[in-house]
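The values are calculated or read from the model by the stated rules, or taken from the named source; none is laboratory data. It should be emphasised that the depicted structure is a prediction, and the values quoted were computed from it without experimental measurement. Counting neighbours? That spans all protein chains shown, and the Cβs are built from the backbone with ideal geometry, glycine included. Please note that ligands, DNA and RNA were not included when accessible areas were found on the heavy atoms of the full protein model with its side chains. Shrake-Rupley method; radii C 1.70, N 1.55, O 1.52, S 1.80 Å.
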Amino acid sequence: MHYSTVPTADGRILEYFESGPSDSPALLFQHGTPGAAVEFAAVTEPANALGLRTICYSRPGYGQSSEQPGRRVADAVTDIVALLNHLEVQEFRTLGWSGGGPHALACAALLPGRCQAAALLAGVAPYDAHGIEFTDGMTADNVTEFAAAAAGETELSVLLNPLVRHFQQVTGDSVAASLAELASPVDQRAMTGQLADDLAASFRQAMAVGIAGWRDDDLAFVQDWGFDLKTISVPIAVWQGRQDRMVPFAHGQWLAAEIPTAQPHLFADEGHISLIGQLSEVLADLFEASPAG
């Protein structure tokens with residue numbers, strides 16, 4: 001595994017890591033919110049078993065990636081193109097977990113000749129999704145967070161700033177307790193061992209320099225994403241669990257119904273974190289999907 005940085009055309013830098021042979025099929029893993037480019041064994045181990053090259057970058061404001069105030073979800077595509085060009089990757093497939101889901105969809109919508117397929121693991125639906133109430137089924141903390149995001153940057157910053165020190169110090173042993181109010185029982189049981197350590201490392205790296213990445217993700221989610229889901233022509237796999245209290249089951253149902261090329265994989269007994277246990281199947285399915293849909 002190799003960590004490095006790549007410059008963007010507007011003078012920012014993006015941190016990223018890659019794992020696996022450089023001549024292998026490319027998997028772009030898009031982390032959650034908050035999150036950063038750290039190695040998730042739950043992703044890289046099944047990816048390695050499939051002979052894939054895993055690439056993950058920290059979105060602007062996370063870790064050592066320069067912040068980009070006012071960014072929209074669609075803006076991620078410019079950064080991803082810069083990264084993939086730097087790595088000499090032409091075709092790729094992408095996995096977006098949680099807050100990474102909308103950014104995976106941006107690739108599918110805006111890079112259809114290059115992004116061959118996408119998988120959403122507990123991916124977030126648009127804030128204005130017709131037919132669902134965005135926060136129904138979320139825990140109180142998440143409802144408060146999105147209400148602050150909808151109110152604007154100032155209110156959201158007031159909410160998030162006091163959390164920085166906690167996330168900078170979280171450990172694998174304490175991460176389950178940190179998310180106790182957000183996690184269903186099945187997710188609480190899943191947050192042990194290597195997965196707990198990797199989650200904690202992602203949180204620490206995400207908040208290394210403050211709330212910018214988390215703040216700007218949330219602000220992007222409650223605005224227009226900058227692309228039309230109906231235009232997506234590449235295969236999209238929607239993986240969602242009914243026990244998810246962070247991204248409610250209705251989000252996965254809505255995305256599966258609204259995206260023309262979506263294939264639903266909906267589970268009654270999985271949550272937001274436990275769904276990671278399906279990643280061997282998720283990645284196998286992602287790389288079997290035909291680019292022609």
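Against the criterion of being open to solvent by less than 60 Å² (accessible area, probe 1.4 Å) and farther than 17 Å from Ala36 by Cβ, Ala196 does not qualify.
For segment 230-261, a residue qualifies if it is touching a helix residue (DSSP H, G or I) at 6+ places or on another chain (Cβ under 9 Å) and more than 22 Å from Gly277 (Cβ to Cβ), and the qualifying residues are Lys230, Thr231, Ile232, Ser233, Val234, Pro235, Glu258, Ile259, Pro260, Thr261. Whether any residue in segment 152-161 is more than 18 Å from the chain's Cα centre (by Cα), hydrophobic (A, V, I, L, M, F, W, C) and modelled with pLDDT under 95 is what I want to check. So far as segment 152-161 goes, no, none of its residues is more than 18 Å from the chain's Cα centre (by Cα), hydrophobic (A, V, I, L, M, F, W, C) and modelled with pLDDT under 95. A count restricted to segment 225-251 and to residues that are of a type outside the set (A, V, I, L, M), over 26 Å from Gly70 (Cα atoms) and over 18 Å from the mean Cα position of the chain (by Cα) stands at 3.
Okay, residues lined up against (1) touching a helix residue (DSSP H, G or I) at 6+ places or on another chain (Cβ under 7 Å); (2) charged (D, E, K, R); (3) over 25 Å from Phe40 (Cα atoms):
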{"position": "His86", "(1), (2), (3)": "no, no, no"}
{"position": "Pro102", "(1), (2), (3)": "yes, no, no"}
{"position": "Ala129", "(1), (2), (3)": "yes, no, yes"}
{"position": "Asp136", "(1), (2), (3)": "yes, yes, yes"}
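The selection criterion, being β-branched (Val, Ile, Thr), open to solvent by 50 Å² or more (accessible area, probe 1.4 Å), at negative phi and touching a Ser or Thr at 6+ places or on another chain (Cβ under 8 Å), does not hold for Val170.
Here is the figure for segment 199-229: residues that are in a helix (DSSP H, G or I), over 19 Å from Gln168 (Cβ atoms) and open to solvent by 10 Å² or more (accessible area, probe 1.4 Å) total 2.
Residues checked against (1) in contact with a Leu (Cβ under 9 Å, 6 or more places away or on another chain); (2) more than 27 Å from Gly51 (Cβ to Cβ):
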| position | (1), (2) |
| --- | --- |
| Pro235 | yes, no |
| Arg242 | yes, yes |
| Phe249 | yes, yes |
| His265 | no, no |
| Gly271 | no, yes |
| Gln278 | yes, no |
| Val282 | yes, no |
| Leu286 | yes, no |
| Ala289 | no, no |
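For segment 248-285, a tally of residues being crowded, with 22+ Cβ neighbours inside 10 Å, among the small types (Gly, Ala, Ser) and assigned to a loop (DSSP other than H, G, I, E, B) returns 1. Here is the figure for segment 176-192: residues that are farther than 19 Å from Gly241 by Cβ and open to solvent by less than 50 Å² (accessible area, probe 1.4 Å) total 1. Just the residues that are touching a Leu at 6+ places or on another chain (Cβ under 8 Å) and either assigned to a helix (DSSP H, G or I) or closer than 30 Å to Asp128 by Cα (or both), please, taken from segment 153-174. Within segment 153-174, Glu153, Leu156 qualify.
Scanning segment 121-142 for residues that are touching a Ser or Thr at 6+ places or on another chain (Cβ under 9 Å) and not β-branched (Val, Ile, Thr) yields Leu121, Ala122, Gly123, Asn142.
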